[in-house]
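The structure appears below as structure tokens.
The values are calculated or read from the model by the stated rules, or taken from the named source; none is laboratory data. Note that the structure is a prediction, hence the values are computed from the model and not measured. Accessible surface is based on the protein model in full, side chains and every heavy atom, while ligands, DNA and RNA are left aside. Shrake-Rupley method; radii C 1.70, N 1.55, O 1.52, S 1.80 Å.
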Amino acid sequence: PGYKFELGRAAALREGSDLTICATGLMVQRALAAAELLAGEGVSARVLDFHTIKPLDGEALLAAARETGCIVTTEEHSIVGGLGAAVASFLAERCPVPVLRHGVRDVFGRSGKAEQVLEAYGLTPAGIVETARAAMDAVIHMGRPARIRLAVMVDRGHRELPINPEYVGKNVPTARDE
């Protein structure tokens, strides 16, 4: 109800503030099911239906990256050259946030009954949830959560960096705040 197809415009199917799941094709319904599972864990997942990959809806993607801080893409084919690659490439130059691609890894394909093949590749709501957890872990390890609880932060080079004591236990500006 209320769905309107517009070429090059992602359809927002569910609002969320902790992460965004960008889905295409058969994976859209599975992304919505994954969002429900995540909600049961207290995670608020936005779901965007990218029914057209080219042109890519950069406006919706930038808003999602800035507002939720991490992206999971899900597609029922190879992650090489699909939605995940397009999203990662677009955001790398404009708003670098963790982007994890859920789909068929760069392997030779299988054949069989559709549901069995999807299950074999982990293209299930549970598979999306697992990828979403990994994306949120990436955000945590990058120091993106706004509340700093420790006096030492580890940077990407795995070096311990001292934190100004006035920031400990307080909200500080993050990439999501910019």
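Can you sort PHE90, PHE5, PHE108, PHE50 by 1.4 Å-probe accessible area, starting with the largest?
Result of the area sort, largest leading: PHE108, PHE5, PHE90, PHE50.
Once phi is turned into θ = phi - 60°, what whole-Hz ³J(HN,Hα) does the Karplus curve with 6.51, -1.76 and 1.60 give for every residue of the range 116-122, x standing for Gly and Pro?
Going residue by residue, I get 5, 5, 4, 5, 4, 8, x Hz, with x marking Gly and Pro.
What does the accessible area per residue of the range 1-65 come to in Å², with a 1.4 Å probe and no ligands, DNA or RNA counted?
Here the per-residue accessible area is 48 Å².
So, for the range 87-131, what is the accessible surface per residue at a probe of 1.4 Å, expressed in square angstrom?
Accessible area per residue, the range 87-131: 62 Å².
Whole-Hz Karplus ³J(HN,Hα) for the range 60-66, in order, using 6.51 cos²θ - 1.76 cosθ + 1.60 and θ = phi - 60°, x for Gly and Pro?
Running phi through 6.51 cos²θ - 1.76 cosθ + 1.60 with θ = phi - 60° gives 5, 5, 4, 4, 5, 4, 5 Hz.
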